[in-house]
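Every number here is computed from the coordinates shown, using simple stated rules; none is lab data. Note that the structure is a prediction, hence the values are computed from the model and not measured. In this analysis, Cβ positions are derived from the backbone assuming ideal geometry, glycine residues included, and neighbour counts consider all displayed protein chains.
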Amino acid sequence: MIKKLAGENGSSKNYVIVSGGSNLENYMHLTRTIGMLETLESDYGFKFDKDIKTVASQNEVGIIGTSSEGGSVLIYPGYFRNNIDEFKQALEGKDVDAVATVIPASDFMEAITAHETTQNKDIEVGTIDCFGETNKELFETKDSFGNSKLNFLAGKEGAMGAPAFVGLLNSITGHEDVFREDGNAYNLHQNFVYADSIEQFNEIKTQSESIYKNAYSTDEIMNVLSVYNSSTNFDTFKKFAEKDLY
């Protein structure tokens, strides 16, 4: 997401990272925030005040990093569905080029739109969220500069049930040991799917809801069920769960 929002001259841009529950031990939010900060560090030369995990999980709103090209990173932790004014205050007086968030962008789009008007400059917005109707509307709606209010979406759509079903059925049929990673319970992640336009959004949404094309076919599912395929193993299951969906 950061690479998409950075575009050209990414080292000189000013970013706002909305870290959600990273400061409240929300592991998913924390790892995603760390990933964004690591990209800013490795690809765009940003330096941070403290180690990345520390700044990613901090409670305070503020600038946490800068680049030699004049760019900056402001972090905004917490959930603020009912605290739009606080977010507006955090942006006040600051030049903002991009907002990257691990919680729904719709919660604070009002504040971003207001800040665009104040600074008379477009703000690129990216979010990690679902392919739902609210985000579709944000892609479809134009801001005062003629650009979509939402510019990038990373999400997972409609296919998490298949790996969960396979894991459960293999366990209750007595094959749980086959699917342990080094003797431990597995921890697998589906790949994200991405959209940076309403056209891409609609294409992914259509595919995910199609009755003719499924993310996982019956043959693929049966291939990783030990009751149907005695030679299946953890590596096969891992490839099944983590494959590119669309």
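For every residue, the table says whether it meets (1) hydrophobic (A, V, I, L, M, F, W, C); (2) touching a residue at least 24 places away in the same chain (Cβ under 8 Å); (3) in contact with a His (Cβ under 7 Å, 6 or more places away or on another chain).
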{"residue": "146", "(1), (2), (3)": "no, no, no"}
{"residue": "156", "(1), (2), (3)": "no, yes, no"}
{"residue": "165", "(1), (2), (3)": "yes, yes, no"}
{"residue": "177", "(1), (2), (3)": "no, no, no"}
{"residue": "181", "(1), (2), (3)": "no, yes, no"}
{"residue": "184", "(1), (2), (3)": "no, no, no"}
{"residue": "187", "(1), (2), (3)": "no, no, no"}
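Answer yes or no as to whether residue 131 is assigned to a loop (DSSP other than H, G, I, E, B), buried (at least 17 other Cβ atoms within 10 Å of the Cβ) and under 22 Å from the mean Cα position of the chain (by Cα). Answer is yes for this residue. Look at (1) β-branched (Val, Ile, Thr); (2) under 19 Å from residue 203 (Cβ atoms); (3) out of contact with any strand residue (DSSP E or B) (no Cβ under 8 Å at 6 or more places or on another chain) and you find that residue 118 fails only one, number (2).
Being more than 25 Å from residue 26 (Cα to Cα) and either of a type outside the set (D, E, K, R) or touching a Gly at 6+ places or on another chain (Cβ under 6 Å) (or both), is that true of even one residue in segment 87-99? Yes, some residue in segment 87-99 is more than 25 Å from residue 26 (Cα to Cα) and either of a type outside the set (D, E, K, R) or touching a Gly at 6+ places or on another chain (Cβ under 6 Å) (or both).
Please go through segment 64-81 and pick out each residue that is farther than 12 Å from residue 18 by Cα and free of Cβ contacts under 8 Å to residues at least 60 places away in the same chain.
64, 65, 66, 67, 68, 70, 72, 81
Inspection of segment 183-195 finds a residue satisfying the criterion of being under 30 Å from residue 18 (Cα atoms) and β-branched (Val, Ile, Thr).
The set of residues in segment 87-113 being loosely packed, with under 15 Cβ neighbours inside 10 Å and in a helix (DSSP H, G or I) consists of 89, 110.
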